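Novice: Okay, here's the structure, questions in a sec.
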Amino acid sequence: MSDPDSSNPKPLDVDPIPPAGISEILGLLEVLDDRKGRDRIYTLARDLNFDFGNLLCIVKAAEMLELLYTPGTEVVLKALGKKVIETDMNEKKKIILHQLRRLTLFQFVKRVLTEQEDKKIHKDKFLETLAQVLPKERPEQIFETIIGWGRWGEFLGYSQDDGYIYLDHG
C-alpha cells in the first residue's frame, strides 16, 4: 500500500528571521550584561531611545539565536549570550555560525546552494526562491538579513560585483 501523502509534498518548514543586524544583537547583549543580565523590554526601549517595534525585532533575532529569552515582559541574557560578549572575535564568529546552522532558514539556504551545480546562486534567482518559500515576507528584506548574518558568521559570502551568493563555511 502506498503512502497517501507521497504525491503531495509538504510545504517547506522555513521560519523567517527578523530584520536585525548582528551588531545590534551584540549591542543589546552588552546592555543586558550591564543591567545584571535582565531588564523589562519597555525600559530598554525607553532608555535606549529605540523604536519599540525595532527593538522587538532585535530581541526576537537574539532569541532565535538562543542568546537570550523573554519571559513575560522581560529580556534575559542566556549563558550563551554572555559567552558571546565575553569572548574574542573569532570565537564570536564560531558561536554565531553554530547558531545559524540551527535555524531552518539557514538550513534551507545551505540546501539551495549545495543543490546548485557550481554551489552558488544569483541574487535574482535566490529572491524568487525566497518569495516562494516565504510568500508572506518581503524577500529583499530577508535577503539583506541573510547576507548580513551569513557574512558575519562566515556561513556564506556574497559578491556585489556579480550578484552571486555562495557558501563560506556553511
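Novice: Cross-link candidates for residue 136: which lysines have Cα within less than 22 Å, leaving aside residues fewer than 8 places away along the same chain?
Specialist: Excluding near neighbours in sequence, the set is 10, 60, 110, 123, 125.
Novice: Nearest 10 degrees, 0 to 90: what angle lies between the long axis of helix 139-152 and the longest principal axis of the chain (Cα atoms)?
Specialist: On a 0 to 90 degree scale, this one is about 70.
Novice: Nearest 10 degrees, 0 to 90: what angle lies between the long axis of helix 52-64 and the longest principal axis of the chain (Cα atoms)?
Specialist: Between the helix axis and the principal axis of the chain, the angle is about 70 degrees.
Novice: Let me ask something else. Beyond 23 Å, what share of the Cα-Cα pairs of the chain is found? Please give it as a whole percent.
Specialist: Every Cα pair in the chain considered, those over 23 Å come to 45 percent.
Novice: Let me know the Kirkwood hydrodynamic radius for segment 35-113, please, with Cα pairs as the basis and the value in Å to one decimal.
Specialist: With all distinct Cα pairs of segment 35-113 included, I get 13.7 Å.
Novice: Going by alpha carbons, how many degrees (0 to 90, nearest 10) lie between the helix axis of 89-102 and the longest principal axis of the chain?
Specialist: Value to nearest ten degrees: 50.
Novice: So, one more: Given a 1.4 Å probe, how much area per residue of segment 112-170 is accessible, in Å²?
Specialist: 57 Å²
Novice: Using a 1.4 angstrom probe on the protein heavy atoms only, line up 109, 31 by accessible area, largest first.
Specialist: Sorted descending by solvent-accessible area, the residues read 31, 109.
Novice: May I pose another question? Could you sort out which of 83/119; 94/120; 82/120 sit more than 30 Å apart by Cα distance in this structure?
Specialist: 83/119; 82/120
Novice: Can you give me the three principal axis dimensions of segment 25-68 from its C-alpha atoms, in Å, biggest first?
Specialist: 24, 23, 15
Novice: Based on the Cα gyration tensor of segment 113-159, what are the three equivalent ellipsoid semi-axes, each the root of five times an eigenvalue, rounded to whole Å and given largest first?
Specialist: 17, 15, 8
Novice: Within the set of other residues whose C-beta is less than 11 Å from the C-beta of residue 139, count the net charge using Lys and Arg as +1 and Asp and Glu as -1.
Specialist: -2
Novice: Can you give me the Rg/Rh ratio for segment 68-120, using Cα atoms for both radii and the Kirkwood formula for Rh?
Specialist: Numbers: Rg = 15.3 Å, Rh = 13.2 Å.
With Rh from the inverse mean 1/r over Cα pairs, Rg/Rh is 1.16.
Novice: A follow-up question, please. If I take R0 = 22 Å and measure r between the Cβ atoms of residue 90 and residue 159 in this structure, what FRET efficiency does the formula 1/(1 + (r/R0)^6) give, to the nearest 0.05?
Specialist: Working: r = 23 Å, r/R0 = 1.07.
Here the calculated transfer efficiency is 0.40.
Novice: Segment 141-170: which chymotrypsin sites (Phe, Trp or Tyr not before Pro) are DSSP loop and have at most 16 other beta-carbon atoms within 10 angstrom?
Specialist: Answer in residue order: no site qualifies.
Novice: Calculate the all-directions average of the projected area of segment 63-156's alpha-carbon convex hull, and give it in nm².
Specialist: In nm², the orientation-averaged hull projection of segment 63-156 is 7.2.
Novice: Where the centroid of each part is defined by its Cα atoms, how far is segment 39-56 from segment 94-121 in Å?
Specialist: Between the Cα centres of segment 39-56 and segment 94-121 lies a distance of 31 Å.
Novice: When we measure straight from the Cα of residue 92, which aspartates and glutamates land under 13 angstrom away, once same-chain ones fewer than 8 places off are left out?
Specialist: Candidates past the 8-residue exclusion: 154.
Novice: What net charge is computed for the residues neighbouring residue 114, neighbours being all others with C-beta under 14 Å from the C-beta of residue 114, Lys and Arg scored +1, Asp and Glu -1?
Specialist: My count for the surroundings of residue 114 gives +1.
The values are calculated or read from the model by the stated rules, or taken from the named source; none is laboratory data. Keep in mind that this is a model prediction, so the values were computed, not measured. Cβ atoms come from the backbone with ideal geometry, glycine included; neighbour counts cover every protein chain shown. Accessible surface is based on the protein model in full, side chains and every heavy atom, while ligands, DNA and RNA are left aside. Shrake-Rupley method; radii C 1.70, N 1.55, O 1.52, S 1.80 Å.
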